[in-house]
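First the structure, in the form of structure tokens, and then the observations on it.
The values are calculated or read from the model by the stated rules, or taken from the named source; none is laboratory data. Quick caveat, the model's predicted, so the values are computed rather than measured. Positions of Cβ are generated from backbone atoms using ideal geometry, with glycine treated the same way; all protein chains shown enter the neighbour counts. Side chains included, ligands, DNA and RNA excluded: accessible areas come from the protein's heavy atoms. Shrake-Rupley method; radii C 1.70, N 1.55, O 1.52, S 1.80 Å.
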Amino acid sequence: MTQRLYFAVTIAAPRSKVWLTMQSPDGYRDWTSAFCEGSTYEGSWEQGARIRFLAPSGDGMTSEIAERREGTLLSIRHLGEIRQGVDDTHSPQVLAWAPAYENFHLRDLPAGGAELRVEVDTVADHVQYMHDTYPRALQRLKALCEAEEMHAS
């Protein structure tokens with residue numbers, strides 16, 4: 001059983017910059033370091049594509065891009081866990097929560113910049129971790145986008 005959590009951040013950079021930064025290999029590695037230093041991904045961000053989110057140990061999540069609307073919506077359907085390099089989508093532990101969604105909504109702000117809203121499904125045991133960590137990750141993404149934006153000016 002999962003519950004949905006909500007997070008948001010305002011970023012003083014164009015929506016297109018936020019969209020690209022959060023998905024680029026270097027940008028992803030940087031902002032997700034709040035969750036796990038050295039995080040990376042394998043696969044594609046295209047709708048319908050499989051994607052694996054990995055810690056340096058090789059453990060992580062196996063997922064697919066459920067929906068993608070360029071620059072405005074990215075919906076990730078988490079299907080299972082990766083343990084010791086093996087995808088697990090059928091164990092009782094995984095079936096207790098999968099599928100779970102992580103949805104990113106981006107919009108332009110009238111005064112400039114962008115707002116990123118995130119909805120994430122999580123199990124009760126991880127609620128506090130997500131409340132502690134997701135805001136830090138979004139602040140890291142904000143700092144990364146804004147620093148790149150200032151550098152580009």
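Quick look at the numbers
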read-out	value
Probe 1.4 Å - accessible area at residue 20, Å² to nearest ten	110
Heavy-atom surface of the chain, accessible at 1.4 Å and reported per residue (Å²)	52
Extended-chain gain in nm, criterion 0.36 nm per residue less alpha-carbon gap, residue 52 and residue 24	8.6 nm
Dipole-positive endmost among 103, 134, 124 within the range 98-144 (Cβ charges, Cα centre)	134
[x] 61, 46, 23; [y] 50, 29, 27; [z] 46, 41, 34, with the label sought being that of the calculated Cα extents along the principal axes in Å	[y]
Residue-level accessible surface for residue 45, protein heavy atoms, 1.4 Å, Å²	30
Surface share of carbon and sulfur [accessible, 1.4 angstrom probe, percent] for the range 1-125	53
Charge sum, other residues only, whose C-beta stays under 14 Å from residue 93's C-beta, Lys/Arg counted +1 and Asp/Glu -1	-4
Segment residue 16-residue 119, length gained on full extension (0.36 nm per residue, minus Cα span)	35.1 nm
